[in-house]
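Only one structure is covered here, and it is reproduced in the block below.
The values are calculated or read from the model by the stated rules, or taken from the named source; none is laboratory data. Keep in mind that this is a model prediction, so the values were computed, not measured. Every residue, glycine among them, receives a Cβ derived from its backbone with ideal geometry; neighbour counts consider all protein chains shown.
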């Protein structure tokens, strides 16, 4: 894969998209890897008892997966200098079918002085945007 | 629950918590975390690819700093003075500002400060700023996290 060149970048340029399938297995794997064992992320009874529509994906899993669109585009996970999201809607993960998270990115701003580009990410589940102000600043 | 105020003690605004003990970032931990966030980035997974890109070892995914942040956050949630009811906490937003990427072999400590406590109707919003340092006390990452603590409706 050829890596993007800073001088060729344009604001508004699409950088790609990824469809992630988040299953209950994904949630258990993320719980173990991150140490976040809040049981609303793997137990239906606990999720129901606190009034949730079902077991939810960790917000940090959604955040961590979404940025892979920018990582794959630039080709190096170490070049994400700044990354922020707002958690606006939950991702409900069905026990057998999971949840499909569709993430796409485009260039929102370019800073020639610092040689960085801001990638604006859109993350959708069930045609609803689940992350707000999802921005990754990429170093060149 | 009859208590309608005091889901968070506003007096903890500005409070700094002691630095955590060093966390040694392992190569396999980075790979495990990378798989968990569905990364297939070579610099996360492959030592040779990471070294070819100029790093000493595999780099952590951009959100790995949450693992370090959590260690500091745990001390706050256990602090009786802060008085945060964990069962009412929802993650509002999150940001990681990296001075440099986290690399396998790093020994990291974190220092958390309660940046702000705001009340919004029955809810409280608490923003934590966690500075993550390497063994030379150089800043690696600033993690900013806002938790929303739901009050009684």
Condition test on residue A:37, is it more than 20 Å from residue A:126 (Cα to Cα), exposed (fewer than 13 other Cβ atoms within 10 Å of the Cβ) and either free of Cβ contacts under 8 Å to residues at least 24 places away in the same chain or out of contact with any helix residue (DSSP H, G or I) (no Cβ under 7 Å at 6 or more places or on another chain) (or both)?
yes
Is it fair to say residue B:116 is at pLDDT 90 or above, more than 9 Å from chain A (Cβ to nearest Cβ) and in contact with a helix residue (DSSP H, G or I) (Cβ under 9 Å, 6 or more places away or on another chain)?
no
Cβ-Cβ under 8 Å pairs, at least 6 apart or on other chains, region B:77-104 side on the phi > 0 side of the Ramachandran plot, far side surrounded by 20 or more Cβ atoms within 10 Å (Cβ to Cβ)
B:83/B:7; B:83/B:8
Taking residue A:72 as meeting all but one of (1) within 14 Å of residue A:15 (Cα to Cα); (2) in contact with a helix residue (DSSP H, G or I) (Cβ under 9 Å, 6 or more places away or on another chain), write down the number of the exception.
(2)
Region B:1-40 - residue that is exposed (fewer than 14 other Cβ atoms within 10 Å of the Cβ) and assigned to a strand (DSSP E or B) and, of those, modelled with the lowest pLDDT
B:16
Could you grab me the full set of residues in region A:86-112 that are touching a helix residue (DSSP H, G or I) at 6+ places or on another chain (Cβ under 7 Å), in a strand (DSSP E or B) and buried (at least 21 other Cβ atoms within 10 Å of the Cβ)?
A:87, A:101, A:103, A:105
Say whether the condition of being within 11 Å of chain B (Cβ to nearest Cβ), farther than 26 Å from residue B:68 by Cα and not in a helix (DSSP H, G or I) is met by at least one residue in region A:19-37.
yes
Scan (1) in a loop (DSSP other than H, G, I, E, B); (2) away from chain A (no Cβ under 13 Å); (3) within 26 Å of residue A:78 (Cβ to Cβ) for the single condition residue B:48 breaks and write down its number.
(1)
State whether one or more residues within region B:128-144 are within 9 Å of chain A (Cβ to nearest Cβ) and either assigned to a loop (DSSP other than H, G, I, E, B) or out of contact with any helix residue (DSSP H, G or I) (no Cβ under 7 Å at 6 or more places or on another chain) (or both).
yes
Complete set of residues in region A:50-79 that are in contact (Cβ under 8 Å) with a residue 24 or more places away in the chain, under 18 Å from residue A:33 (Cβ atoms) and either within 7 Å of chain B (Cβ to nearest Cβ) or part of a helix (DSSP H, G or I) (or both):
A:59, A:60, A:61, A:62, A:63, A:64, A:65, A:66, A:67, A:68
Report, by residue number, each residue of region B:52-66 that is more than 7 Å from every other protein chain (Cβ to nearest Cβ) and touching a residue at least 40 places away in the same chain (Cβ under 8 Å).
B:56, B:57, B:58, B:60, B:65
Which is under 14 Å from residue B:142 (Cβ atoms), under 11 Å from the mean Cα position of the chain (by Cα) and more than 8 Å from chain A (Cβ to nearest Cβ), of B:94, B:69?
B:69
